[in-house]
Amino acid sequence: MSLFDYVEALQGGLPWGRFLDAGTGVNSSLWSTGLTTDAWTGVTAAAGHADQVRASIGARFRSQDRLLLGNWTDETLLAGEVHDTVLADYLIGAVEGFAPYFQQLLLRRLRPLTGRRLYVVGLDPYVVGPAETDEARMVREIGRLRDAVLMLANETPYREYPAEWTLNAVASAGFRVLSARRFPNRYKTKWVNGQLDMALRRLPRIGDRGLVESLALTIERARQEGLALCAERDGLRCGADYVVGCEPI
């Protein structure tokens with residue numbers, strides 16, 4: 001069962017109504033605009049993401065739908081509105097790049113906007129904490145290398161939070177948890193290449209050319225080792241995504 005299949009199972013026969021994709025991206029927008037909704041609103045803080053979403057959903061975009069560029073730190077964003085269903089798809093981690101340390105306040109910010117259901121999709125952190133297997137150590141190494149390069153390139157990496165933190169945070173924000181489930185991850189070749197290619201693209205932004213050359217070699221070494229382990233183990237099993245379904249109290 002996919003993450004969005006689980007969200008649909010939790011929703012059951014409840015109408016989706018007015019739908020807010022609070023941190024919209026290609027995947028969440030393609031899924032949510034395929035639902036039977038009264039209106040759809042997508043919000044992103046990145047202009048590039050907005051362009052990708054607009055291109056992806058294409059003709060699905062209706063006259064009552066909106067795609068907004070904004071930051072949840074802006075208290076006027078969607079002020080006074082109520083949406084029957086709110087989706088925060090990997091928004092807990094992604095918001096770090098646009099509003100550092102805002103995660104707890106983000107959920108409080110979404111509370112008055114939520115009419116019936118809030119669904120939070122998240123990722124247990126893998127760049128911190130113990131790594132008990134070769135696969136987990138490889139995933140952690142790739143994640144740490146990616147984040148180090150992003151910071152050297154003057155970007156802020158995502159900050160993921162575990163499911164337990166999210167359960168406590170939604171409760172503190174005024175929601176009742178209805179269901180929570182983890183979905184174990186197995187990272188494939190596409191993930192290994194995608195994370196390391198992201199790091200490679202940032203290297204030109206780093207001024208120290210000697211450091212850039214060393215990082216480029218480290219990235220390619222990690223790629224070779226990661227792809228080899230992927231092939232040997234049929235993917236890198238490490239950590240989990242999770243879905244938390246809740247309703248306002």
Review point. Taking the condition crowded, with 16+ Cβ neighbours inside 10 Å and either under 17 Å from the mean Cα position of the chain (by Cα) or aromatic (Phe, Trp, Tyr) (or both), does VAL212 pass?
Key: no
Check your understanding: Got at least one residue in region 104-119 being within 16 Å of ALA39 (Cα to Cα) and over 21 Å from the mean Cα position of the chain (by Cα)?
Key -> yes
Review point. Got at least one residue in region 215-223 being assigned to a strand (DSSP E or B) and either farther than 30 Å from LEU118 by Cβ or modelled with pLDDT of 95 or more (or both)?
Key: no
Practice item. Kindly indicate which of TYR187, TYR158 is of a type in the set (Phe, Trp, Tyr), at pLDDT 95 or above and in contact with a Leu (Cβ under 9 Å, 6 or more places away or on another chain). Key: TYR187
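Conditions tested, residue by residue: (1) of a type in the set (Lys, Arg); (2) in contact with a Ser or Thr (Cβ under 8 Å, 6 or more places away or on another chain); (3) buried (at least 20 other Cβ atoms within 10 Å of the Cβ).
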| site | (1), (2), (3) |
| --- | --- |
| VAL128 | no, no, no |
| GLU135 | no, no, yes |
| ILE142 | no, no, yes |
| LEU150 | no, yes, no |
| THR166 | no, no, yes |
| VAL170 | no, no, yes |
Point to revise | Subset of region 93-112 (residues that are in a helix (DSSP H, G or I), open to solvent by 30 Å² or more (accessible area, probe 1.4 Å), within 16 Å of PRO125 (Cβ to Cβ) and out of contact with any Ser or Thr (no Cβ under 9 Å at 6 or more places or on another chain)) | key: none
Check your understanding: In region 116-126, what residues are of a type in the set (Ser, Thr, Tyr) and open to solvent by less than 10 Å² (accessible area, probe 1.4 Å)?
Key -> TYR119
**Study point:** Unique match (being of a type outside the set (S, T, N, Q), under 16 Å from ARG144 (Cα atoms) and surrounded by fewer than 13 Cβ atoms within 10 Å (Cβ to Cβ)) among GLU225, GLU220
**Key:** GLU220
Review point. Given the conditions (1) touching a helix residue (DSSP H, G or I) at 6+ places or on another chain (Cβ under 8 Å); (2) open to solvent by 30 Å² or more (accessible area, probe 1.4 Å); (3) part of a helix (DSSP H, G or I), which single one is not true for VAL177?
Key: (3)
Point to revise | Number of positions in region 124-158 that are closer than 21 Å to ASP234 by Cα and outside any loop (DSSP other than H, G, I, E, B) | key: 10
Revision key, fill the gap. Those strands (runs of 3 or more DSSP E) completely within region 18-86 that have 3 or more residues that are under 20 Å from the mean Cα position of the chain (by Cα) and surrounded by 15 or more Cβ atoms within 10 Å (Cβ to Cβ) are 18-21, 39-44
Exercise for review: Filter region 180-209 for residues that are in a loop (DSSP other than H, G, I, E, B) and open to solvent by 20 Å² or more (accessible area, probe 1.4 Å) and give the result.
Suggested key: LYS188, GLY207, ASP208
Review point. In this structure, does ARG159 turn out to be closer than 21 Å to VAL121 by Cα, in contact (Cβ under 8 Å) with a residue 60 or more places away in the chain and open to solvent by 30 Å² or more (accessible area, probe 1.4 Å)?
Key: yes
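The values are calculated or read from the model by the stated rules, or taken from the named source; none is laboratory data. Remember, predicted model here, so these are calculated numbers, not experimental data. Note that each Cβ is placed from the backbone with ideal geometry, even for glycine, and that neighbours are counted across all protein chains shown. All accessible areas refer to the heavy atoms of the entire protein, side chains included, with ligands and DNA or RNA removed. Shrake-Rupley method; radii C 1.70, N 1.55, O 1.52, S 1.80 Å.
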